[in-house]
Structure formats: structure tokens, C-alpha cells
Amino acid sequence: MKLNDEQVKAVEEHTGLQPIPEDNPAMAQLKQNFGEHTFYVDDRGLYVLETAADDDQQTHATAVQVASWTDENRTALQAHEPQATDAVFKLTREES
């Protein structure tokens, strides 16, 4: 799922995570391999967010790992079958 600016801000607000920037040199290959998504990376691999199955309002998303690092130096990713994680992210910002 491609997050809009408000959703990206909400994820960052709740978790501190920032997506891979659109101008990153790897973005074209990521989109070619995985489709149009907002991508996140951590020490385990590459993730996209998908709307939580029980959330009709699309206010929450689950992190889905789509690739893992191939070595401890994190120099290359290996794609694999998408694996849903237990991480759920709120896609709405707190009202101030």
C-alpha cells in the first residue's frame, strides 16, 4: 500500500520510523520488484504496510516483510514470500 503524506506522518509520529525516500536510487528497483508501496527497512529487512484485515476504516496497517538481508553487513536484500508480522501501525494522527 502506498501511504499518503498524512499516513506517513502518523506512522513516524507513533513509531519514529521513516520510509525510504522516493529519491533513493533503489526506489525504481523496489517498485519494479514489489509494486507501488511505501517501503520501510530495519535490521531484519524490507517491509511494506498493508491495511489490517479487520480494519474497514483503513486506520491501521500491518507490517509485511518482503525481503531479508543476505548478510550481517546489510549490503543486499533477498526477496521472499511476504510474511505478515505482529507489528500494527496506526495510520491516523492524534488530534491536538
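Just so you know, all these numbers are worked out from the coordinates, no wet-lab data involved. Values in this document were obtained by computation on a predicted structure and should not be read as measured data. Positions of Cβ are generated from backbone atoms using ideal geometry, with glycine treated the same way; all protein chains shown enter the neighbour counts.
Scanning the range 36-59 for residues being in a loop (DSSP other than H, G, I, E, B) and closer than 18 Å to His80 by Cα gives a total of 6. Just checking, does the range 54-63 include any residue being surrounded by 12 or more Cβ atoms within 10 Å (Cβ to Cβ), under 12 Å from the mean Cα position of the chain (by Cα), free of Cβ contacts under 8 Å to residues at least 60 places away in the same chain and more than 18 Å from Leu3 (Cβ to Cβ)? There is no residue in the range 54-63 that is surrounded by 12 or more Cβ atoms within 10 Å (Cβ to Cβ), under 12 Å from the mean Cα position of the chain (by Cα), free of Cβ contacts under 8 Å to residues at least 60 places away in the same chain and more than 18 Å from Leu3 (Cβ to Cβ). Within the range 18-35, being under 22 Å from Gln58 (Cβ atoms) and part of a loop (DSSP other than H, G, I, E, B) holds for Gln18, Pro19, Ile20, Glu22, Gly35. Inspection of the range 2-17 identifies no residue that is farther than 17 Å from Ala61 by Cα, among the acidic types (Asp, Glu) and surrounded by fewer than 12 Cβ atoms within 10 Å (Cβ to Cβ).
Do you know which residues across the range 1-17 are assigned to a helix (DSSP H, G or I) and either closer than 12 Å to Tyr47 by Cβ or in contact with a Gly (Cβ under 7 Å, 6 or more places away or on another chain) (or both)? The answer is Val11, Thr15.
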